[in-house]
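All remarks here apply to the structure that follows.
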Amino acid sequence: AETLRRFRGIVLEQITDAVVLTDLQHRITFWNDSAKRIYGWTSQQTLGRDFTLLHRLVQPQRLTEALKILTEQGRYQG
């Protein structure tokens with residue numbers, strides 16, 4: 001499990017798009033360097049915080065739609 005977590009971190013850090021992972025309670029569990037570059041917050045500032053801290057950057061309707069898809073299908077990509 002630790003090897004997979006490290007591998008995931010390495011791969012997700014190479015992506016130039018912002019990658020933000022959350023748990024089902026909307027707490028941020030992963031924040032890559034591109035998210036830092038795009039949004040201006042470090043992972044230390046965001047990890048464990050509620051994803052809605054991005055509410056002014058994410059359209060609430062899109063977040064609601066994404067959560068519905070995640071709940072219904074067990075995954076979301078977008």
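The values are calculated or read from the model by the stated rules, or taken from the named source; none is laboratory data. Small disclaimer: the values here were computed from a predicted structure and weren't measured. Positions of Cβ are backbone-derived with ideal geometry, glycine not excepted, and every protein chain shown enters the neighbour counts. With ligands, DNA and RNA removed, areas are computed over all heavy atoms of the protein, side chains included. Shrake-Rupley method; radii C 1.70, N 1.55, O 1.52, S 1.80 Å.
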Scope the stretch 10-53; condition of a type in the set (Val, Ile, Thr) and either touching a His at 6+ places or on another chain (Cβ under 9 Å) or part of a helix (DSSP H, G or I) (or both); matching residues = Ile10, Val11, Ile38, Thr46, Thr52
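To keep it simple, each residue is scored yes or no on (1) in contact (Cβ under 8 Å) with a residue 12 or more places away in the chain; (2) open to solvent by less than 70 Å² (accessible area, probe 1.4 Å); (3) of a type outside the set (Val, Ile, Thr).
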residue: Ala1; (1), (2), (3): no, no, yes
residue: Arg5; (1), (2), (3): no, no, yes
residue: Leu12; (1), (2), (3): yes, yes, yes
residue: Val20; (1), (2), (3): yes, yes, no
residue: Ala35; (1), (2), (3): yes, yes, yes
residue: Gln44; (1), (2), (3): no, no, yes
residue: Gly48; (1), (2), (3): yes, yes, yes
residue: Glu65; (1), (2), (3): no, no, yes
residue: Tyr76; (1), (2), (3): no, no, yes
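So, in the stretch 54-74, of the ones that are hydrophobic (A, V, I, L, M, F, W, C) and part of a helix (DSSP H, G or I), which residue ends up modelled with the highest pLDDT? First the steps, then the outcome.
Step one: filter the stretch 54-74 for residues hydrophobic (A, V, I, L, M, F, W, C), giving 54, 57-58, 63, 66-67, 69-70.
Going one step further and asking which of them are part of a helix (DSSP H, G or I), we end up with 54, 63, 66-67, 69-70.
Details: Leu54: 71, Leu63: 71, Ala66: 79, Leu67: 77, Ile69: 86, Leu70: 80.
Residue satisfying both the conditions and the ranking: Ile69.
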